[in-house]
1. If I filter the stretch 80-89 down to residues being surrounded by fewer than 20 Cβ atoms within 10 Å (Cβ to Cβ) and under 14 Å from the mean Cα position of the chain (by Cα), which single residue comes out as nearest to residue 13 (Cα to Cα)?
2. Name every residue in the stretch 19-58 that is among the charged types (D, E, K, R) and open to solvent by 40 Å² or more (accessible area, probe 1.4 Å), in order of residue number.
3. Yes or no: the stretch 55-64 includes at least one residue that is of a type in the set (Lys, Arg) and touching a residue at least 12 places away in the same chain (Cβ under 8 Å).
4. Could you please find all residues in the stretch 26-42 being more than 16 Å from the chain's Cα centre (by Cα) and either touching a residue at least 24 places away in the same chain (Cβ under 8 Å) or not in a helix (DSSP H, G or I) (or both)?
5. Would it be correct to say that residue 16 is of a type outside the set (A, V, I, L, M, F, W, C), outside any strand (DSSP E or B) and open to solvent by less than 30 Å² (accessible area, probe 1.4 Å)?
Amino acid sequence: QVQLVESGGGLVQAGGSLRLSCATSRSIISINNMGWFRQPPGKQRELVASITIAGNTNYANSVRGRFTISRDYAKNMVYLQMNSLKPEDTAVYYCNLASGSGRWGQGTQVTVSS
């Protein structure tokens, strides 16, 4: 089973920043494209950012230019730097394989107040 543990969420005012962290294992991060997903209240989960093994990144239109995904192979971590946050970014954020096929963790709540 893929172990993915998210952290770093919180309450922030619009325009603020947060950095989410995802702890995983070397066996997972070294051979998989990774992604950050989010699920807003009452809505479906969506992929917002992904990063390939080679480091190529892709973003949803709604976050492009504001969010940055990165990975640290030495620490077996995946990060999501979120800047210029908006109330519509409020959601539970999850990391997973970019395909979404790993075991979902508990996620981390991000709440952006206006």
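The values are calculated or read from the model by the stated rules, or taken from the named source; none is laboratory data. In this text, all values refer to a predicted model and were calculated from it rather than measured experimentally. Positions of Cβ are backbone-derived with ideal geometry, glycine not excepted, and every protein chain shown enters the neighbour counts. Surface accessibility is based on the protein's heavy atoms, side chains included, excluding ligands, DNA and RNA. Shrake-Rupley method; radii C 1.70, N 1.55, O 1.52, S 1.80 Å.
1. Once the filter is applied, the top-ranked residue is 83.
2. Going residue by residue through the stretch 19-58, those that are among the charged types (D, E, K, R) are 19, 26, 38, 43, 45-46.
Answer for the stretch 19-58, where residues must be among the charged types (D, E, K, R) and open to solvent by 40 Å² or more (accessible area, probe 1.4 Å): 19, 26, 43, 45, 46.
3. Pass one, the stretch 55-64, residues of a type in the set (Lys, Arg): 64.
Filter once more, so that each one left must be touching a residue at least 12 places away in the same chain (Cβ under 8 Å): none.
Taking every residue of the stretch 55-64 in turn, none turns out to be of a type in the set (Lys, Arg) and touching a residue at least 12 places away in the same chain (Cβ under 8 Å).
4. We begin by selecting, within the stretch 26-42, every residue more than 16 Å from the chain's Cα centre (by Cα); these are 26-27, 30-31, 41-42.
26, 30, 31, 41, 42, listed by residue number.
5. Numbers: of a type outside the set (A, V, I, L, M, F, W, C): yes; outside any strand (DSSP E or B): yes; open to solvent by less than 30 Å² (accessible area, probe 1.4 Å): yes.
In short, yes.
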